[in-house]
Amino acid sequence: MFDPEFRRGAVPMASYRNLESICRGYPDWARERLQSKRAASLSLGDVSGTEWPLLGTVFLFWSVEQLQRDWQTRQFSGPAPVDIAHACLETGAALLADPTQADWVQRHWGDDYLHEKNLFYRMMLIAGLDSYERLTGNPHYQSLLREQVLGLSAELARSPTGLLEDYPHETYPVDILLAYAALQRTMQRLELPFEAFVAQSWRAFSGPVLDPATGLPGYLVDWQTGQPWQPARGVGQSAMLAFAPELWPERATDWFERYQQQFWQERFGIAGFREFRLGRIDHLYEFEVDAGPMVLGFGVGASALGLAAARANNRTDIAVALAAEGLALAWQTPDGTMLGPRLLSNLSDAPYLGESALLFVMTRPLPSRAQQPQPVPPIIWWGLLLGWLTSLAFLTSAVRQLIRLWRARSSAEEPASLWSL
């Protein structure tokens, strides 16, 4: 919190420890998931069990890319992030390419699940395998990757609105924007023509798709007309703005300003993005599988991904505030585990999603750092104080148990175990 480089927008050193912590356990978890074929036994409605394992893997791969660049720029000593993550990259790529992990979308779309619609899954496949090849140089999955890039880009170009369904009767602009960004990156690296494709991509995020109340893209829309079925929401806007500058830099700046004006909130020493726009008095306290908890209107998902959006749009003031809150409330343990994000994950099917997502938002590239250290919200001191008091309570309890054990032994009583005390 006191590091001036962090408060100017640098990647926090905690992110390197977080990567090491994830990569101690992720490979074994991924191998077990592959071998158990558990993905084939999950229900269609189990979003966290079906989507989160793959989404967490993509977040992790994107994070390793940015940490590797940061490590090279700052010339740190010690092993490179790509070497630390070697086993994660190999097992993660195998997980992404495994057809069993796609069982839920196969049930939605049938045998053609890799060639028609099914945008969310295909976006993750492209983003993850492209990142894997960038990091390792291994072309093992390139034929699958190239097939998906050519097929999905052609399908989006043919769409009358530039939109496609994620699931039957479910179209989320946030996933579509991430697909356009992943396609642009991959097409450019594979030396495929992408300029015209990207130039027409804006049509999917303007016109009918805009929520009349905010002027921002709706959260859930009709893919054939673009008509919003749900209003603009924080988690969707934050995720889109984390990648929009790669596609349309000038438009992204205006978009972020509009988003900040209507969703940014500061209350009780807390700063963050709301899940629903300012003025809405409903949805103050809720929990949703995609958005996470909502407290006082603040959205955990909106604020977490809002950090990535702020960094991508060079808003260091907002980025530092959200990063400080994220670190203070994540409760990093001595081995590097982020306790808060771990508890918000699916501990059986996607235990590393929260930590990988936090790693991703902390490492999103920042065009330029602030000249002066930025202030942090007061809430972080309360978060740190809570952590210190909790630690003190555990230490006090341990000391009392040791004193009781010593007294028992000193009085020649039968030694008692710590567990019985």
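The values are calculated or read from the model by the stated rules, or taken from the named source; none is laboratory data. Keep in mind that this is a model prediction, so the values were computed, not measured. Here the Cβ positions follow ideal geometry from the backbone for every residue, glycine too, while neighbour counts run over all protein chains shown. Side chains included, ligands, DNA and RNA excluded: accessible areas come from the protein's heavy atoms. Shrake-Rupley method; radii C 1.70, N 1.55, O 1.52, S 1.80 Å.
Is the range 46-58 home to any residue that is open to solvent by 70 Å² or more (accessible area, probe 1.4 Å) and either under 25 Å from Gln374 (Cα atoms) or out of contact with any Lys or Arg (no Cβ under 8 Å at 6 or more places or on another chain) (or both)?
no
I'd like to know if the range 61-76 contains one or more residues that are more than 23 Å from Asp130 (Cβ to Cβ), in contact with a helix residue (DSSP H, G or I) (Cβ under 7 Å, 6 or more places away or on another chain) and open to solvent by 40 Å² or more (accessible area, probe 1.4 Å).
Checking the range 61-76: not a single residue is more than 23 Å from Asp130 (Cβ to Cβ), in contact with a helix residue (DSSP H, G or I) (Cβ under 7 Å, 6 or more places away or on another chain) and open to solvent by 40 Å² or more (accessible area, probe 1.4 Å).
With the structure loaded, tell me whether Pro334 is surrounded by fewer than 19 Cβ atoms within 10 Å (Cβ to Cβ), under 16 Å from the mean Cα position of the chain (by Cα) and not in a helix (DSSP H, G or I) or whether it fails that test.
Taking the combined requirement at face value, the residue does not satisfy it.
Check the range 109-130 and report whether any residue there is open to solvent by less than 10 Å² (accessible area, probe 1.4 Å), under 21 Å from Ile22 (Cβ atoms) and of a type in the set (Asp, Glu).
Checked the range 109-130: at least one residue is open to solvent by less than 10 Å² (accessible area, probe 1.4 Å), under 21 Å from Ile22 (Cβ atoms) and of a type in the set (Asp, Glu).
List, please: which pairs have Cβ atoms under 6 Å, are six or more places apart or on different chains, and start with a residue in the range 308-337 that is of a type in the set (Phe, Trp, Tyr) and end with one that is open to solvent by 10 Å² or more (accessible area, probe 1.4 Å)?
Pairs found: Trp331/Leu339; Trp331/Gly340; Trp331/Gly387.
Hey, Pro378 hits all of (1) within 30 Å of Gln101 (Cβ to Cβ); (2) exposed (fewer than 14 other Cβ atoms within 10 Å of the Cβ) but one; which does it fall short on?
Only one criterion in (1) within 30 Å of Gln101 (Cβ to Cβ); (2) exposed (fewer than 14 other Cβ atoms within 10 Å of the Cβ) is unmet by Pro378, namely (1).
So which residues in the range 4-32 are more than 30 Å from Asp98 (Cβ to Cβ) and assigned to a helix (DSSP H, G or I), if there are any at all?
Within the range 4-32, Phe6, Arg7, Arg8, Ala14 meet the criteria.
What residue, of Pro367, Pro341, is out of contact with any Leu (no Cβ under 8 Å at 6 or more places or on another chain) and of a type outside the set (S, T, N, Q)?
Just one listed residue meets the conditions, Pro367.
Confirm whether Glu155 is within 22 Å of Met187 (Cβ to Cβ), open to solvent by 30 Å² or more (accessible area, probe 1.4 Å), more than 24 Å from the chain's Cα centre (by Cα) and not basic (Lys, Arg).
no
I want to confirm something. Restricting to the range 158-213 and keeping residues that are of a type in the set (Phe, Trp, Tyr) and in a helix (DSSP H, G or I), which single residue is surrounded by the most Cβ atoms within 10 Å (Cβ to Cβ)?
My answer is Tyr180.
Do any helices (runs of 4 or more DSSP H) lying entirely in the range 79-147 carry at least 3 residues that are modelled with pLDDT of 95 or more and under 21 Å from Tyr26 (Cα atoms), and which ones are they?
It comes to 81-84, 86-97, 119-136.
Within the range 1-36, restricting attention to residues that are without any contact (Cβ under 8 Å) to a residue 40 or more places away in the chain and of a type in the set (S, T, N, Q), which residue is surrounded by the fewest Cβ atoms within 10 Å (Cβ to Cβ)?
Result: Gln35.
Among the residues that make up the range 304-320, is at least one of them in contact with a strand residue (DSSP E or B) (Cβ under 9 Å, 6 or more places away or on another chain), more than 17 Å from Ala239 (Cβ to Cβ) and open to solvent by less than 10 Å² (accessible area, probe 1.4 Å)?
no
Taking the stated definitions as given, is Thr73 under 20 Å from the mean Cα position of the chain (by Cα), among the hydroxyl-bearing types (Ser, Thr, Tyr) and over 20 Å from Met187 (Cβ atoms)?
no
Provide a single number: the residues in the range 267-293 that are in a strand (DSSP E or B) and surrounded by 13 or more Cβ atoms within 10 Å (Cβ to Cβ).
Result for the range 267-293: 9.
Looking only at the range 237-259, filter to residues that are touching a residue at least 60 places away in the same chain (Cβ under 8 Å) and hydroxyl-bearing (Ser, Thr, Tyr); which one of those is surrounded by the most Cβ atoms within 10 Å (Cβ to Cβ)?
Applying the filter and picking the extreme gives Ser238.
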